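Undergrad: My structure is below; once you've seen it, I'll send some questions.
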Amino acid sequence: MHKYIISGGPGAGKTTLLQALHQKGYNVSEEASRQLIIEEIAKGSDCLPWGNLPCFARKVLERMIQDFGHAHTTSRTTFFDRGIPDIISYLKVAAQPVDEVYEQAMQQNRYSPLVFLAPPWQDIYVNDSERWQTFEEAVILFHAIKETYQSLRYTIVELPKASVAERVNFVISHI
C-alpha cells in the first residue's frame, strides 16, 4: 500500500485533482485543515490558522496521524491532501516554533518517498471561507513546503499546469 502526498500552496488545484483520483478508484484522504477550519468556526473557537496557529497546527497534526493510521487499514494506494511536513512549513512561514512532536510524528508516519507538488497557479486561484491567504502568500507557502519536503529527503515531482485529466494521467504515470 502506497501513501502519496499531493501538496503545494493554497489554491493550486490539489483538492480537484484528489477528487478526480478518487473517481478513478484511488483511496483519498481529504485535507485535514479545511475540515478543521469549518469545525472550529462552527464552535466559535479561535483555534484557527489566523487566530491561534499553534493550537490549530496541533489539531491538524492529530487529525493527520489518524488519517495516516486509517490508510493502513486498506491495501489500496492512498493519496493525501497534504502531509505532516506541511504543518512544519506553515509554522516556519509564520515564525512559530516547531515542537519535537512534529518531528516524531514525521518519523513515525512516513509517506511514500515521491511527493507531488502543485505549483502556484494564479489563473485558478480563488479565495473562499477556508482559503484566506493572498496569492502572494500562497507562493511563499509553496516554496516553504517544497523546501521542507526536500530537506526531509522526499523526491519532489511538480505537477504540470494542465487540465485535471492531464494531471491525473501525470500522477498515475509516476506511481
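Every read-out reported here was derived from the displayed coordinates using simple, explicitly stated rules and does not represent laboratory data. Just so you know, these numbers come straight off a predicted model, no measurement behind them. Positions of Cβ are backbone-derived with ideal geometry, glycine not excepted, and every protein chain shown enters the neighbour counts.
Undergrad: Using only helices, what value at 222 nm comes out for the chain when you add -39,500 (n - 2.57) per DSSP H run of length 4 or more and divide by the total residues, to the nearest 500 deg cm²/dmol?
TA: Estimated from H runs of four or more residues: -16000 deg cm²/dmol.
Undergrad: Let me ask something else. Can you put Val168, Val60 in order, fewest other beta carbons within 10 Å first?
TA: Exposure proxy ranking, most exposed first: Val168, Val60.
Undergrad: If you don't mind, another one. Please list, ordered by chain and number, the residues whose modelled amide H lies under 5 Å from the amide H of Ser29; skip anything fewer than 5 residues away on the same chain.
TA: Close amide H contacts, sequence-distant or interchain: Phe79, Phe80, Asp81.
Undergrad: Taking neighbour counts of Cβ atoms within 10 Å as a proxy for exposure, in what order, fewest first, do Val139, Val171 appear?
TA: Val139, Val171
Undergrad: Further question on the same structure: Taking 0.36 nm per residue of sequence separation and subtracting the Cα-Cα distance, how much length would be gained by fully extending the chain between His174 and Glu137, in nm to one decimal?
TA: Additional length available on full extension: 10.4 nm.
Undergrad: Also, I was wondering about something else. Counting other beta carbons within 10 Å of each Cβ, put Lys3, Lys43 in order, fewest first.
TA: Lys43, Lys3
Undergrad: Work from the charge dipole of segment 3-174 (Cβ charges, +1 for Lys and Arg, -1 for Asp and Glu, about the Cα centre) and give the residue of His22, His174, Gly11 farthest towards its positive end.
TA: It is His174, whose Cα lies furthest towards the positive end.
Undergrad: For Leu117, list long-range residues whose amide hydrogen, built 1.01 Å from N in the peptide plane, is under 5 Å from its own amide hydrogen.
TA: Ser7, Val157, Glu158, Leu159
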